[in-house]
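Asks: This is the structure, below, for whatever I ask next.
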Amino acid sequence: MLSLTTSSRQSLLTLSDSVTLYSSHVEYSTSESSDPQTPLTPPTPPVTPAPRITHRSRMAQPNVTSFHGGDEQENENPRDFINSVQRYFMDRDPPFDDASKVNYLKLCLKDGSPSAEWFLELDDDRKDTWATALTAFNERWPQVRAATKTKGEKQEELEKARIGKADLGKKIKVNRVETWTHVAWADRVQCLARAIPDDSSLLVKAARDNMAPLLRVLVPHTNDTWATFTKAFREVSVIELREKMKDREELESLKRRGTQPPLTPLKALASMLSKVQLGPPLPPPNFGQTKTVSTPAHTAPATPKYRTDQEKWAIIERLPPPLPSTDANHATYQRLLMQWHMAHPKATSATEDCPYPLTPGTAPLGSGECNTCGMVGHAWHACTSPNKVLPMELAWRRKVSSIKSGALAATTGVNLVATDEEHTTSLTQEKLQEWLAGFQPGQSQGKAEGSSD
């Protein structure tokens with residue numbers, strides 16, 4: 001037998017171990033590849049347990065400004081200051097203890113201010129806890145109660161709330177929100193009405209009287225409760241509002257151009273004839289006298305044919321009366337005025353063929369109305385009404401009164417109306433009927449009863 005040395009034995013053992021490891025590896029590979037459909041599963045990584053959170057700290061950001069505490073500090077409110085301090089304490093996590101709270105209050109007092117002097121002079125037993133320190137602060141700076149308004153003061157404030165023409169069509173900011181001025185005004189008066197309170201909506205009319213005239217047209221008077229009144233205000237179209245503002249400006253411009261005193265019929269005729277350039281200047285017309293004016297045959301223009309007062313009055317009688325005084329009719333009246341002035345930009349007076357629009361709610365033409373306000377019941381010299389008709393309408397009414405008096409004079413042979421260039425004094429309907437009842441046909445013009453030759 002062969003004898004093996006110690007080194008040989010160790011070599012054989014090492015070789016034997018390598019063969020065993022290789023055999024095991026081959027066996028594992030064969031068993032895994034015997035089922036090609038079975039996927040290889042990767043080893044599961046070890047699970048590391050999450051760390052346990054025992055406490056989460058939340059630090060609030062302080063929003064507290066230094067407190068001065070002097071009476072001259074108008075922009076400083078002690079209640080706002082102490083409330084901001086307590087809000088900061090509530091947001092602390094973990095919370096402050098009493099000593100920390102009192103110390104924080106001390107740090108928030110402005111150095112050298114009355115509040116800092118107060119804290120230094122405060123007794124130590126009042127600084128032990130936050131409750132005693134807070135009580136001491138409230139005693140030094142007590143809460144000031146705001147003065148409340150009486151019901152009469154609130155009503156007076158509502159009655160003074162106005163929105164004029166200059167305020168329309170603009171934007172303002174209310175509580176940092178941009179809104180239209182008329183909407184902001186409606187919200188304000190509604191809040192004032194709730195503060196009174198005006199549950200019966202009795203003050204809606206007072207608010208309506210404080211509106212610009214243009215808004216009265218866009219917000220009908222049927223909205224007589226605060227709910228409907230303010231709702232109609234908020235629904236006003238800004239586009240329509242601006243269009244009506246533009247129309248109103250054009251109308252006012254036309255009114256300013258029509259404020260010149262109108263010409264009388266005599267002056268208007270003389271002015272017209274003086275502009276004729278067909279030949280030598282014609283003499284002014286002479287009414288009431290018969291005078292023959294000789295002019296060259298080749299330059300004499302054809303004599304124009306004029307209507308008599310009776311013919312003019314027959315046309316005027318068929319004109320429609322003024323419209324009733326309503327918001328809608330006033331809007332129609334404004335449009336008619338604008339159309340009349342645009343159609344006759346150079347006209348100085350109206351005629352029976354081109355009558356001037358009449359103010360809604362006034363008396364009909366030739367009804368003995370006042371030649372200042374257009375209403376019946378008083379003469380022009382006794383008129384106290386603040387509502388004056390436009391100068392062009394005033395001239396038209398005076399002209400119609402003159403035409404009517406001329407037509408009646410031609411019918412009865414007696415002058416019933418005395419006129420001049422400034423005013424017209426008309427008989428009332430009752431006096432006119434009384435005079436006609438006593439009139440006898442055949443009397444000479446200008447003779448009264450009982451007169452003799």
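The values are calculated or read from the model by the stated rules, or taken from the named source; none is laboratory data. What you see is a predicted model; the values in this text were computed from it and never measured. Every residue, glycine as well, gets a Cβ built from its backbone with ideal geometry; the counts of neighbours run over all protein chains shown. We work out accessible area using only protein heavy atoms, side chains counted, and drop any ligands, DNA or RNA first. Shrake-Rupley method; radii C 1.70, N 1.55, O 1.52, S 1.80 Å.
Asks: Assess whether Q143 counts as being over 18 Å from A232 (Cα atoms), touching a residue at least 24 places away in the same chain (Cβ under 8 Å) and open to solvent by 100 Å² or more (accessible area, probe 1.4 Å).
Replies: Numbers: over 18 Å from A232 (Cα atoms): yes; touching a residue at least 24 places away in the same chain (Cβ under 8 Å): yes; open to solvent by 100 Å² or more (accessible area, probe 1.4 Å): yes.
Judged against the criteria, Q143 is a match.
Asks: Go through segment 80-101 and count every residue that is basic (K, R) and either modelled with pLDDT of 90 or more or touching a Phe, Trp or Tyr at 6+ places or on another chain (Cβ under 8 Å) (or both).
Replies: At the first step, the residues of segment 80-101 found to be basic (K, R) are 87, 92, 101.
Imposing the further condition that a residue be either modelled with pLDDT of 90 or more or touching a Phe, Trp or Tyr at 6+ places or on another chain (Cβ under 8 Å) (or both) reduces the set to 87, 101.
Selection size over segment 80-101: 2.
Asks: Test R176 against the criterion of being open to solvent by 50 Å² or more (accessible area, probe 1.4 Å) and either modelled with pLDDT under 90 or under 30 Å from I239 (Cβ atoms) (or both), and give yes or no. Talk me through it step by step, then tell me what you get.
Replies: On the way: open to solvent by 50 Å² or more (accessible area, probe 1.4 Å): yes; either modelled with pLDDT under 90 or under 30 Å from I239 (Cβ atoms) (or both): yes.
Yes.
Asks: Continuing with this model, one more query. Condition test on F67, is it at pLDDT 70 or above, surrounded by 12 or more Cβ atoms within 10 Å (Cβ to Cβ) and within 20 Å of N138 (Cα to Cα)?
Replies: Values: at pLDDT 70 or above: yes; surrounded by 12 or more Cβ atoms within 10 Å (Cβ to Cβ): yes; within 20 Å of N138 (Cα to Cα): yes.
Judged against the criteria, F67 is a match.
Asks: Determine whether segment 390-411 contains at least one residue that is within 43 Å of the chain's Cα centre (by Cα), at pLDDT 85 or above and surrounded by fewer than 15 Cβ atoms within 10 Å (Cβ to Cβ). Can you show your working first?
Replies: Pass one, segment 390-411, residues within 43 Å of the chain's Cα centre (by Cα): 390-401.
Subsequent filtering for residues that are at pLDDT 85 or above retains 390-401.
Subsequent filtering for residues that are surrounded by fewer than 15 Cβ atoms within 10 Å (Cβ to Cβ) retains 391.
Within segment 390-411 (the criterion being within 43 Å of the chain's Cα centre (by Cα), at pLDDT 85 or above and surrounded by fewer than 15 Cβ atoms within 10 Å (Cβ to Cβ)), the answer is yes, since at least one residue qualifies.
Asks: So, one more: On the given criteria, is A166 of a type in the set (A, V, I, L, M, F, W, C), within 25 Å of F229 (Cα to Cα) and part of a helix (DSSP H, G or I)?
Replies: yes
Asks: Let me ask another. Specify which of the listed residues (T181, T150, T135) is without any contact (Cβ under 8 Å) to a residue 60 or more places away in the chain, open to solvent by 60 Å² or more (accessible area, probe 1.4 Å), within 30 Å of F233 (Cβ to Cβ) and among the hydroxyl-bearing types (S, T, Y).
Replies: Numbers: T181 fails: open to solvent by 60 Å² or more (accessible area, probe 1.4 Å); T135 fails: within 30 Å of F233 (Cβ to Cβ).
It is T150.
Asks: Do we find that N387 is on the phi < 0 side of the Ramachandran plot, in contact with a strand residue (DSSP E or B) (Cβ under 6 Å, 6 or more places away or on another chain) and modelled with pLDDT under 90 in this structure?
Replies: Numbers: on the phi < 0 side of the Ramachandran plot: yes; in contact with a strand residue (DSSP E or B) (Cβ under 6 Å, 6 or more places away or on another chain): no; modelled with pLDDT under 90: yes.
No; evaluated as a whole, the condition is false for this residue.
Asks: Does any residue of segment 240-254 turn out to be within 25 Å of Q155 (Cβ to Cβ), assigned to a helix (DSSP H, G or I) and either of a type outside the set (A, V, I, L, M) or open to solvent by less than 60 Å² (accessible area, probe 1.4 Å) (or both)? Full working, then the answer.
Replies: Within segment 240-254, the first condition is being within 25 Å of Q155 (Cβ to Cβ), and the residues that meet it are none.
No: zero hits.
Asks: Being exposed (fewer than 15 other Cβ atoms within 10 Å of the Cβ) and modelled with pLDDT under 85 is the filter here; which residues of segment 345-376 pass it?
Replies: Result: P345, K346.
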